[in-house]
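We did not get these values from a lab; they are worked out from the coordinates using the rules stated. Model, not experiment: these values are computed from the prediction. With ideal geometry, Cβ positions are generated from the backbone for all residues, glycine too; neighbour counts draw on all protein chains shown.
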Amino acid sequence: MTQTPDDRRFAELLHHRAEGLAQGDPITPPLVSSATYHLPRVDQGGFMYGRMSMPTWEAVEAQLAILEGAPCLSFPSGMAAISAALMATVAPGRRVVLPSDGYYTTRLFADAFLAPFGVTADYVPTLAMAQADLTEAGVVFLETPSNPGLEVCDIAAIAARAHAAGAKVIVDNTTLTAVLQRPLDLGADVVVAADTKAPGGHSDVLFGHVATRDAALMARVRDWRKLSGAVPGAFEAWLVHRGIETLEVRMARMCASAQVIAERLAAHPKVQAVRYPGLPGDPSHALMARQARGFGFLIGATLADADVAEQFLESCPFLARATSFGATHSAGERRARWGDAVAPGFLRLSIGVEPVEALWAGMAEALAGL
Ligand SMILES: *Cc1c(COP(=O)(O)O)cnc(C)c1O
């Protein structure tokens, strides 16, 4: 058995600070929250003022850069990263093509803050993105697999079409993380992600990042962060750095458990439908097997109706009843309560790191009681 390039980068990620260490330096990154830095002169580089750069951001950005294979900038939330990437790429008079079935806050942002400045957003279902009309498009924004429907689209094929139309491609990679999918390698120009989810991983921090290999674009994203002032706090960066150290091992457990749970839910008479890209019969399976190295930890499960679905959540001992996903603890939520275009009994389940048999025993008992 030889190591894969992925094995190599996951190992490098844990030792990324080694090279710069001097005798007596801390192994973990110091939590530096200083707003100002010793600055007798401004022409010699280094840290100057906390809105421009901070040592603890740089620690987490170094990890993220290894994961993404590209320079990264950190942001105080996933939406801060998404809005920064959009503000750095949109152009007056050129459209933004966004998924109609992706994370809904991205659509609210486009309608509230891009449309009034002449950047109209067109909404296309993830499954129709490959055929979308890209005339006059400046930005094509993808989310694959989509949250919460888990539909996927072909990043490489869409990037080729978008580039031919003169558009930049942004991929929201939150549902898989760079551990499982690297959109930049498939031709995307920019990756955005909510590190609030699996990278932070413990439901105790909001964070996000932008990754791109396009230096000019990166400079604009950096300017947006500096000039808008949407900067992350040092403690948040420190927490995410700690979370990312175990991201790969958590993802391995979470995805393996999700596969087991999805298979059993799919075979259960009380479950009407299951979406999990790891199921061979799932419509997302073949494409995801090609463009990702795993199928993720999210499952869509449809129960009879809203009441039955809520009752299931209430009786499951190991499902947090919360929004969000990707944490150590499994969580479940009925997405129609937010207005997502899904059946009233549709649950988004995020599988955590609990031993899978304990998790399943709780679910099986809850299903039996419905
Ligand atoms: C949660 C989420 C976001 C937003 O992240 P925040 O940290 O809450 O701002 C963006 N995109 C997707 C796909 C998400 O699931």
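Seen from all directions on average, the range 248-368 presents a Cα convex hull projection of 7.0 nm². For a paramagnetic label modelled on A256 (point 7 Å from Cα along Cα→Cβ), amide N atoms under 16 Å away belong, within the range 278-315, to 294-297.
For the chain, the longest piece that avoids every one of the chymotrypsin sites (Phe, Trp or Tyr not before Pro) found in DSSP loops with at most 16 other C-beta atoms within 10 Å covers 48-370.
Kirkwood analysis of the range 321-367, using all unique Cα-Cα pairs, places the hydrodynamic radius at 11.5 Å.
Annotation for the range 81-140: trypsin sites (Lys or Arg not before Pro) lying in DSSP loop with at most 12 further Cβ atoms inside 10 Å of their Cβ do not exist.
Please pull out the direction-averaged projected area of the range 1-47, using the convex hull of its alpha-carbon atoms, in nm² to one decimal place. Kindly include the intermediate steps, with their values, before the conclusion.
Numbers: hull surface 23.6 nm².
With the hull built on Cα positions only, its mean projection is 5.9 nm².
Positive contributions from Lys and Arg (+1) and negative ones from Asp and Glu (-1), summed over other residues with Cβ under 12 Å from the Cβ of V171, come out at -4.
List the trypsin sites (Lys or Arg not before Pro) in the range 203-305 that DSSP assigns to loop (not H, G, I, E or B) and whose Cβ has at most 16 other Cβ atoms within 10 Å. Which are they? Here the sparse-neighbourhood loop sites are R213, K270, R293. If only the Cβ of Lys and Arg carry +1 and only the Cβ of Asp and Glu carry -1, the dipole of the range 63-198 around its Cα centre is close to 200 debye.
Quote the Stokes-Einstein diffusion coefficient, in whole µm² s⁻¹, for the range 5-244, based on the Kirkwood radius over alpha carbon pairs, a temperature of 37 °C and a viscosity of 0.692 mPa s.
On the way: Rh = 18.4 Å.
Taking Rh from Cα pairs, D becomes 178 µm²/s.
With point charges of +1 on the Cβ of Lys and Arg and -1 on the Cβ of Asp and Glu, referenced to the Cα centre of the chain, which listed residue (N173, V353, H329) lies farthest in the positive direction of the dipole? After comparing all options, I get N173.
State, as an integer percentage, the relative contact order of the chain based on alpha-carbon contacts under 8 Å between residues 6 or more apart. Numbers along the way, then the final one.
Details: 727 pairs, mean separation 55.8, N = 370.
It rounds to 15 percent for the chain.
Go ahead and estimate [θ] at 222 nm for the chain from helices alone: -39,500 (n - 2.57) per DSSP H run with n ≥ 4, summed, over the residue count, rounded to 500. Helix contribution divided over all residues of the chain: -11000 deg cm²/dmol.
About the Cα centre, and with charges only on the beta carbon of Lys, Arg (+1) and Asp, Glu (-1), how big is the dipole of the range 1-59? Nearest 20 debye, please. Display every interim value, and only then the final one.
Values: 5 positive and 7 negative charges, 40 e Å.
So the magnitude is around 200 debye.
For the range 120-129, 3J(HN,Hα) computed residue by residue from phi via the Karplus equation (6.51, -1.76, 1.60; θ = phi - 60°) reads 7, 9, 10, 9, 10, x, 3, 5, 9, 4 Hz, glycine and proline entered as x. Along the axis of the charge dipole computed for the range 248-368 (Cβ charges of +1 for Lys and Arg, -1 for Asp and Glu, origin at the Cα centre), the listed residues M363, P344, G296 are led at the positive end by G296. The aspartates and glutamates within cross-link reach of K168, meaning a Cα-to-Cα straight distance under 19 Å and a gap of 8 or more places when in the same chain, are E68, D122, D133, E136, E143, D154, D185, D189, D214, D223.
If contacts are Cα pairs under 8 angstrom and at least 6 residues apart, what is the relative contact order of the range 214-370 in percent?
Taking the mean separation of contacting Cα pairs over the length of the range 214-370, I get 20 percent.
Can you give me the relative contact order of the range 241-320 as a percent, contacts being Cα pairs under 8 Å and 6 or more apart? Mind dumping the intermediate values first?
Working: 71 pairs, mean separation 22.8, N = 80.
Worked out over the range 241-320, it gives 28 percent.
Centre-to-centre, using Cα atoms only, the range 1-52 and the range 128-159 are separated by 35 Å.
Computed about its Cα centre, the charge dipole of the chain is approximately 460 debye, with only Lys, Arg, Asp and Glu carrying charge at their Cβ.
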